[in-house]
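These notes are about the structure you will find just below.
The values are calculated or read from the model by the stated rules, or taken from the named source; none is laboratory data. Model, not experiment: these values are computed from the prediction. Here the Cβ is made from the backbone with ideal geometry for all residues, glycine too, and neighbour counts use every protein chain on show.
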Amino acid sequence: MIRDGGVIAPGYNAELDEWRDLSEGASRYLEELETREREQHGIDTLKVGYNQVHGFYIQISRAQNDRVPAHYIRRQTLKNAERYIIPELKEHEDKVLSSRSNALALEKRLWDELFDQLLPHLARLQQASEALSALDVLCNLAERADSLNYHRPTLTEQPGIDIEAGRHPVVEQVMTDPFIPNPIILNPERRMLIITGPNMGGKSTYMRQTALITLLSHIGAYVPAEHATIGPVDRIFTRIGASDDLASGRSTFMVEMTETANILHNATANSLVLMDEIGRGTSTYDGLSLAWASAEWLAEKIHAMTLFATHYFELTELPGQMEGLVNVHLDAMEHGDEIAFMHAVQEGDQVREDGGLITGPSANFQNATISLQIE
């Protein structure tokens, strides 16, 4: 900020550099003064210093007080030393104390003069800055694509998302273990995936990498996938994570419902929607009803491409009742005393070892309804 100074680089203006040197203490001058006074008067304990209370001073130990010159003016008495001031040092002190304000005033004037010089060339400078910023972004995207094994996506007019061996561009870089890539297929006949699996199984990562790959494709970047065919996507909607807005009087559940209502009101058939664990923060049956009704509305009324992650296994019944919905899941298995997360997305319901479908409390939510009229 120009009001704080330091905007103009050293070497641009000699007077500004001089004021800055003074404001920073001008240590070279003080060292030279100390050496000169010590040698001239034969006082080997003489030191030149500064503090914010008394300013600059010359300090001499009591043992050598008999050698203090007559023109030294006492400024402060300490237990084992005396501090003095001389006219030359006082003059320097006055310069230093006023140097910062002088430096700021001069820098502001030089800044205004610089703008006056640049104003006739402003249009060309703006064009150059826009070109350089675009070049910087493109070079960065190219370097990342080359070093991280990204591939060029195919953009098509046909609606849908088809990604082969997709990866999360951030998670794969911070993991110590190899990242498990996963495919995804979304199209008008397969417009919603009901994603189930354990916590830490990779559901959120799978959803987020799909959104990031889609976004990177539409900005013209290469993507972390072996192959990606991306159709038109007007917007990406997300309802992920748990956070509150207590300062505005909104609980975690209220924030979730507000964001869900926004999605249900504004998503279109060309939108990509990520819904993660809808229905938390309330009772089991109320949460299940909210999740069920939201999934039904997205599938039947909006027809948006949707990734719907849930722990309500009752929702795995939806693909049998509506067209365009598919169940996928991520598994975990016991390995000795530890749990191993597979992180591989598989088609179908998550099942128990005995082959039965994992379900929660039995209930029929086929006719569950919800009205989200939240502004």
* Give me the pairs, please: first residue somewhere in the stretch 48-72 and at pLDDT below 90, second residue anywhere and assigned to a strand (DSSP E or B) and surrounded by fewer than 16 Cβ atoms within 10 Å (Cβ to Cβ), beta-carbon distance under 7 Å, and either six or more positions apart or on two chains. => 54/76; 56/50
* Looking only at the stretch 72-86, and only at residues there that are farther than 16 Å from residue 34 by Cα and not hydrophobic (A, V, I, L, M, F, W, C), the one that is surrounded by the most Cβ atoms within 10 Å (Cβ to Cβ) -> 75
* Cβ-Cβ below 6 Å, separation at least six or inter-chain, first residue in the stretch 181-206 and among the small types (Gly, Ala, Ser), second assigned to a strand (DSSP E or B) and surrounded by 14 or more Cβ atoms within 10 Å (Cβ to Cβ): which pairs? -> 197/329; 197/330; 201/330; 201/332; 201/341; 202/330; 202/343; 204/276
* Asked: Which of the residues that make up the stretch 7-40 are among the acidic types (Asp, Glu) and assigned to a helix (DSSP H, G or I)?
  -> 15, 17, 18, 21, 31, 32, 34, 37, 39
* For residue 313, indicate whether it is more than 23 Å from residue 236 (Cβ to Cβ) and at pLDDT below 80. => no
* In the stretch 150-205, which residues are under 18 Å from residue 341 (Cα atoms) and of a type in the set (Ser, Thr, Tyr)? -> 176, 196, 204, 205
* Asked: What are the pairs, 6+ residues apart or on separate chains, where a residue within the stretch 229-250 that is closer than 20 Å to residue 265 by Cβ has its Cβ under 7 Å from a residue that is of a type outside the set (A, V, I, L, M) and in a strand (DSSP E or B)?
  -> 239/276; 240/276
* Scanning for something under 45 Å from the mean Cα position of the chain (by Cα), in contact (Cβ under 8 Å) with a residue 40 or more places away in the chain and under 24 Å from residue 12 (Cβ atoms), does the stretch 82-95 turn up at least one residue? -> yes
* **Filter pass, residue 268 being free of Cβ contacts under 8 Å to residues at least 60 places away in the same chain and among the polar types (S, T, N, Q)** => yes
